[in-house]
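S.K.: The structure under discussion is supplied below as structure tokens; questions concerning it will follow.
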Protein chains: 2
Amino acid sequence: MSADPVSSRRATAPFSYRLDARDGPARAGVFTTPHGDVPTPSFMPVGTLGTVKGLVMEEVAAAGARMVLANTYHLYLRPGHELVRSLGGLHAFMRWDGPILTDSGGYQVFSHAEIRQVRDDGVVFKSHLDGSSHMFTPELVVDIQRALGADVIMAFDECPPGGADHAHAREANRRTLAWLHRCRTRFDELKARGGYPAQTLFPIVQGNVHDDLRREHAGQVLEAGDWQGTAIGGLSVGEAKPDMWRTLELLDGALPADRPRYLMGVGYPDDLLEAIARGCDLFDCVAPTRNARHGTAWTSGEGQVNLKAARFREDTRPVDPGCDCGTCARYDRAYLRHLVVAGEWLAIRLLSVHNLRFMVRLAEEARARVGDGSFHSWSRAWLERYKQGETR
Amino acid sequence: MSADPVSSRRATAPFSYRLDARDGPARAGVFTTPHGDVPTPSFMPVGTLGTVKGLVMEEVAAAGARMVLANTYHLYLRPGHELVRSLGGLHAFMRWDGPILTDSGGYQVFSHAEIRQVRDDGVVFKSHLDGSSHMFTPELVVDIQRALGADVIMAFDECPPGGADHAHAREANRRTLAWLHRCRTRFDELKARGGYPAQTLFPIVQGNVHDDLRREHAGQVLEAGDWQGTAIGGLSVGEAKPDMWRTLELLDGALPADRPRYLMGVGYPDDLLEAIARGCDLFDCVAPTRNARHGTAWTSGEGQVNLKAARFREDTRPVDPGCDCGTCARYDRAYLRHLVVAGEWLAIRLLSVHNLRFMVRLAEEARARVGDGSFHSWSRAWLERYKQGETR
């Protein structure tokens, strides 16, 4: 159903996905973009405003990250997509030569902004910064993302909260589908004009945790184009974990095996493994840097720990003795605890480096385990150790 | 007057100072410590709580810093000097193998803490953190600094504010001198017990901007020991600039030429050059990182600039086109302005790297200019350009 289904599947196409191995529903592959390959599963750090909070992109690369995310909503408000374009686009602006994905702004307008009106032609909202009024239409969201110039851009979607009832979720699906057609039309128009870097548009499947709506929406979305990948939205927004896992299992059967699936906004280490087990490939979450701001670090043997704890006062071990990040190589818990307690910025930075590497490495290891067929036993044992550690 | 004047001057002594060149009162030398040489003049970054705010020590070293300062008062309160000792001392704690200087705590108790009582036996004060009561005696201040293990430690001093009258300043001098004797006695006792790293104790000359008191105090302090260096306190605390320069000129004649002079708490780029011109060798100030937190950067051609300014919105030049720091090598004003306006931590970090390198390099260049006899003409031209830039 693509305008050019043959060329979009050529080996020389700017975007492609190669499925290397499967272990049950878990997948190992490579997503190729104009800015490089992304071995999947892969965790994408979030650079909301064109910076992964507190880190330089050399550190993000050193953590093993291959693709990063930036936020359409935030960059539209500040500094403005036209300014980013005039400064050479997002890759140049944020000093990142690797692949970038920008989100649709849908989640942000529905969660951060004060919504004035959700209409079929778009969403009227007030900026969380200064209360100024704005309207996102599907066309504007594509325009913004074309100006930013990320490799992968997202169609505008309505993202209802986790507890949305069937009628609300159904209405959101309808609107999201109509917006998808408009996004695609705009994207094709702009592409035809040329002069832009190669980009691909991912649709977002919504439907909350209503099985029939998820199934229906996935089918409609896939019929709307020959997409190079699909995003799964509307999860990790407050629903119960079992509902999320069931929805992913359902979608694993509904989405094409030969294209990557991006699970938006996930997540924590345990969620990552659970989602990989259910066939997801790409992930993003602000948790590595947000947790760092709270003094929290992930460890493989002790679960999630807060460095403020008095028991770390004289602890000269690294945060996670098995970790290969720059923080664990050089700093101990006693010093990090001191920095956290004293409210020193260096704590946030050093814990961000660790947490980011932790998530990236977890995805890397999952990929290797899928490759040798040991994913499910390894992941079960990993989760057990991680959760036992947390309850100690 | 030293207990061991011969050995303290041996080439193999842990501390020594070599005066390489003079250009008028301006000096170029090398201060040798157990943790390495410090070519002077030298700007010391401040690592208040065992971290130069926001930076890793590799960045501090990359900025060219040779010796760093840490704060006795702050580290005593948090995490506590005994904990630092048990973790291997300040060098190990803050991951810095180069020379460290700890201050006396005098300036801090007189400026940050709520003073309860200034008595001849010490100062009773309330912590700025939790209001708890503490007392600094000369002996305790030496004990704390022995535990921290810096290379250069400071005698406890009373530091009156910039506007202190003659009687107040005279009383502070009397007390500072009495405390110096007690510090030295304690230092010698602890040294005799052994088991500590090599340290040297610097006295602090006080007297505000009262010429007779400065002259008298310098004489008394020098008589009290064969110090490896002398600190000049009680300046840059609110007095008028001409008073500061006159005081430094007076002290240049009063302090021995063959020992380094450390001007405490100075300063900004123009102050640094003015003080070097008057024979000072070592400097410290929190301004590079504090200014960075306010979005402010130093430039050689435009003086001090605030990156928030709208004129930087599309400015793709580095902060200071002539600068060789990591920030100027890789980032432009437009991106830095965006980070500053958005309140992103990365702004603070990148501007700290620049500001720190700016000060360190200014001292490096001053040293080279003293070496070839061009210091005074160069420094006049530099100051003129810097100040013209500021008023543009």
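S.K.: Ordered shortest first, which distances in nm separate the 7 Å Cα→C-beta label point of residue B:294 from those of the other copies?
M.R.: 3.4
S.K.: At residue B:374, with labels set 7 Å past Cα in the Cβ direction, how many nm apart are the copies from this one, shortest first?
M.R.: Copy-to-copy label distances for residue B:374: 6.6 nm.
S.K.: If the viscosity is 1.567 mPa s and the temperature 4 °C, what translational diffusion coefficient in µm²/s does Stokes-Einstein give for region B:100-245 when Rh comes from Kirkwood over Cα pairs?
M.R.: On the way: Rh = 15.5 Å.
Estimated via Stokes-Einstein, D reaches 83 µm²/s.
S.K.: Give me a single rounded figure for A:141-152: the average over its residues of other chain Cβ atoms within 10 Å of their Cβ.
M.R.: Numbers: counts 0, 0, 0, 0, 0, 0, 0, 0, 0, 0, 0, 0.
Counting Cβ atoms of other protein chains within 10 Å of each residue's Cβ and averaging gives 0.
S.K.: Could you size up the charge dipole of region B:352-392 around its Cα centre, putting +1 on the beta carbon of Lys and Arg and -1 on that of Asp and Glu, and report it in debye to the nearest 20?
M.R.: Details: 8 positive and 5 negative charges, 19 e Å.
With only Lys, Arg, Asp and Glu charged at Cβ, the dipole is about 100 debye.
S.K.: In Å, what Rg and Dmax follow from the Cα atoms of the protein assembly as shown?
M.R.: When restricted to Cα atoms, the protein assembly as shown yields Rg and Dmax of 30.7, 94 Å.
S.K.: Shape verdict for chain A, please, from the Cα gyration tensor: rounded (a/c under 1.5), prolate (a/b greater than b/c) or oblate. If you can, show how the numbers build up before the last one.
M.R.: On the way: a/c = 1.58, a/b = 1.38, b/c = 1.14.
The shape class here is prolate.
S.K.: Counting only DSSP beta bridges with both residues in chain A, tell me the antiparallel percent, nearest 5. All intermediate terms of the calculation are to be shown ahead of the outcome.
M.R.: Values: 25 of 44 bridges.
Here the antiparallel bridges make up roughly 55 percent for chain A.
S.K.: To test your reading of the geometry: what angle, between 0 and 90 degrees and rounded to tens, separates the Cα axis of helix B:241-254 from the longest principal axis of chain B?
M.R.: Long axis of B:241-254 versus the principal axis of chain B: about 50 degrees.
S.K.: Can you give me the relative contact order of chain B as a percent, contacts being Cα pairs under 8 Å and 6 or more apart? Provide the component values of the computation, followed by the final result.
M.R.: Values: 771 pairs, mean separation 70.4, N = 392.
In percent, rounded to a whole number, it is 18.
S.K.: Need one number: the % of Cα-Cα pairs in region A:268-314 sitting beyond the 11 Å mark.
M.R.: So the portion of pairs separated by more than 11 Å is 72 percent.
S.K.: With the contact rule set at Cα under 8 Å and sequence spacing of 6 or more, what percent relative contact order holds for region A:131-272?
M.R.: 24
S.K.: Can you list the residues, at least 5 places off or on another chain, whose amide H is less than 5 Å from the amide H of residue B:44, using H built in the peptide plane?
M.R.: Those lying under 5 Å, H to H, from residue B:44 are B:283, B:284, B:285.
S.K.: Just round it to a whole percent: the fraction of Cα-Cα distances in region A:85-185 exceeding 18 Å. Can you show the working numbers first?
M.R.: On the way: 2611 of 5050 pairs.
Value for region A:85-185: 52 percent of Cα pairs lie more than 18 Å apart.
S.K.: Let me ask something additional. Taking the radius of gyration and the Kirkwood hydrodynamic radius from Cα positions alone, what is the Rg/Rh ratio for region B:44-100, to two decimal places?
M.R.: Numbers: Rg = 10.7 Å, Rh = 11.3 Å.
Rounded to two decimals, Rg/Rh equals 0.95.
S.K.: Please report which chain A residue places its beta carbon nearest the axis carrying chain A onto chain B, with the distance rounded to a whole angstrom.
M.R.: Minimum Cβ distance to the axis, with residue: A:345, 3.
S.K.: Rank these by accessible area, largest first, 1.4 Å probe: B:348, A:153.
M.R.: On the way: B:348 25, A:153 0 Å².
Sorted by accessible area, descending: B:348, A:153.
S.K.: Expressed as a whole percentage, what fraction of the accessible surface of region B:1-128 belongs to carbon and sulfur atoms when a 1.4 Å probe is rolled over the protein heavy atoms? Kindly include the intermediate steps, with their values, before the conclusion.
M.R.: Numbers: 2360 of 4700 Å².
C and S fraction of accessible area: 50 percent.
S.K.: Cα gyration tensor of region B:351-392, axes a ≥ b ≥ c as square roots of the eigenvalues: rounded (a/c below 1.5), prolate (a/b > b/c) or oblate?
M.R.: Numbers: a/c = 5.26, a/b = 1.17, b/c = 4.52.
Oblate, because a/c is 1.5 or more while a/b does not exceed b/c.
S.K.: For a quick size check, give me the Cα extents of region B:114-169 along its three principal axes, largest first, whole Å.
M.R.: 36, 28, 20
S.K.: Right, another one. Let me know the charge dipole size of region B:195-312 about its Cα centre in debye, to the nearest 20, where only the beta-carbon of Lys, Arg (+1) and Asp, Glu (-1) is charged.
M.R.: It works out to roughly 620 debye.
S.K.: Rank these residues by their accessible area, most exposed first, probe 1.4 Å: A:132, A:104.
M.R.: On the way: A:132 40, A:104 5 Å².
The ranking, largest first, comes out as A:132, A:104.
S.K.: Distances from residue A:310 to the same position in the other copies: list them in nm, one decimal, shortest first, using label points 7 Å from Cα along Cα→Cβ.
M.R.: When each copy's label point is compared with this one, the spacings are 5.5 nm.
S.K.: Here's a follow-up. Evaluate the charge dipole of the protein assembly as shown about its Cα centre and quote only its size in Debye, nearest 20, assuming +1 on the Cβ of each Lys and Arg and -1 on the Cβ of each Asp and Glu. Don't jump to the answer; show the numbers that get you there.
M.R.: Values: 94 positive and 98 negative charges, 18 e Å.
Roughly 80 debye for the protein assembly as shown.
S.K.: So how long is each side of region A:6-163 along the principal axes, counting just the alpha-carbon atoms, biggest first, in Å?
M.R.: Result, largest extent first: 47, 34, 32 Å.
S.K.: How many times 2.2 N^0.38 Å is the alpha carbon radius of gyration of region A:287-350? Please report the intermediate quantities before stating the final value.
M.R.: Numbers: Rg = 10.3 Å, N = 64, 2.2 N^0.38 = 10.7 Å.
My calculation over the Cα atoms of region A:287-350 gives 0.96.
S.K.: Using the Karplus equation 6.51 cos²θ - 1.76 cosθ + 1.60 (θ = phi - 60°), what ³J(HN,Hα) coupling, rounded to whole Hz, does each residue of region B:142-150 give in order, writing x for Gly and Pro?
M.R.: 5, 4, 4, 6, 5, 5, 5, x, 4
S.K.: Only Cα pairs under 8 Å and at least 6 apart count here; give the relative contact order of region B:184-229 as a rounded whole percent. It would help to have the intermediate numbers written out before the result.
M.R.: Numbers: 25 pairs, mean separation 16.8, N = 46.
After rounding, I find 36 percent.
S.K.: Starting from the amide H of residue B:202, placed 1.01 Å from N in the peptide plane, find each other amide H under 5 Å away whose residue is 5 or more places distant or on another chain.
M.R.: B:153, B:154, B:155
S.K.: A further question follows. Say each of residue A:246 and residue A:316 gets a label point 7 Å from the Cα, pointing the same way as Cα to Cβ; how far apart are those two points in nm?
M.R.: 5.3
S.K.: Shifting gears a bit: Taking θ = phi - 60°, what integer Hz values does the Karplus form 6.51 cos²θ - 1.76 cosθ + 1.60 yield along region A:259-272, in sequence order, with x for Gly and Pro?
M.R.: 9, x, 10, 10, 8, 6, x, 10, x, 8, x, 5, 4, 4
S.K.: Same structure again: I'd like the accessible area for residue A:215, computed on protein heavy atoms only with a 1.4 Å probe and all protein chains in place. Round to 10 Å², please.
M.R.: Residue A:215 has an accessible surface of roughly 140 Å² with all protein chains in place.
S.K.: Here is a further query. To the nearest whole number, what is the average tally of beta carbon atoms from other chains within 10 Å of the beta carbons of peptide A:185-198?
M.R.: Numbers: counts 0, 0, 0, 0, 0, 0, 0, 0, 0, 0, 0, 0, 0, 0.
The shielding value for this peptide is 0.
S.K.: What's the center-to-center distance, using Cα atoms, between region A:337-356 and region A:125-194 in Å?
M.R.: Centre-to-centre distance over Cα atoms comes out at 36 Å.
S.K.: Right, next: Can you pull out the buried accessible area for chains A and B, both sides counted, probe 1.4 Å, rounded to the nearest 100 Å²? Show your work: numbers first, answer last.
M.R.: Working: alone 15750 and 15750 Å², together 28020 Å².
For chain A against chain B, roughly 3500 Å² becomes buried.
S.K.: On to the next question. Apply the a/c threshold of 1.5 to the C-alpha gyration tensor of region A:267-392 and tell me whether it is rounded, prolate or oblate.
M.R.: On the way: a/c = 2.18, a/b = 1.84, b/c = 1.19.
The shape class here is prolate.
S.K.: Here is a further query. Leaving ligands, DNA and RNA out of it, rank A:96, B:345 by accessible area with a 1.4 Å probe, largest first. Don't skip to the end; give the middle numbers.
M.R.: Details: A:96 15, B:345 70 Å².
Ranking A:96, B:345 by accessible area, largest first, yields B:345, A:96.
S.K.: Take the Cα coordinates of region A:164-242, assign each an equal point scatterer, and use the Debye formula without solvent to give log10 I(q)/I(0) at q = 0.12, 0.21, 0.24, 0.25 Å⁻¹.
M.R.: Values, matching the q order: -0.39, -0.93, -1.11, -1.18.
S.K.: Hey, in chain A, which Cys have no second cysteine's beta-carbon closer than 4.7 Å?
M.R.: A:159, A:183, A:280, A:285, A:325
S.K.: Also, quick follow-up: Averaged over peptide A:98-111, how many Cβ atoms belonging to another chain are found within 10 Å of each residue's Cβ? List each step's numbers first, then the result.
M.R.: Numbers: counts 0, 0, 0, 0, 0, 0, 0, 0, 0, 0, 0, 0, 0, 0.
Neighbouring Cβ atoms belonging to other protein chains average 0 per residue here.
S.K.: Residue B:86 accessible area, nearest 10 Å², 1.4 Å probe?
M.R.: Looks like 70 Å² after rounding.
The values are calculated or read from the model by the stated rules, or taken from the named source; none is laboratory data. Only a predicted model underlies this, so the values are computations on that prediction, with no experimental measurement involved. Reconstructed Cβ throughout: ideal geometry from the backbone, glycine too, with neighbour counts over all protein chains shown. Only protein heavy atoms, including side chains, enter the accessible area calculation; ligands, DNA and RNA are left aside. Shrake-Rupley method; radii C 1.70, N 1.55, O 1.52, S 1.80 Å.
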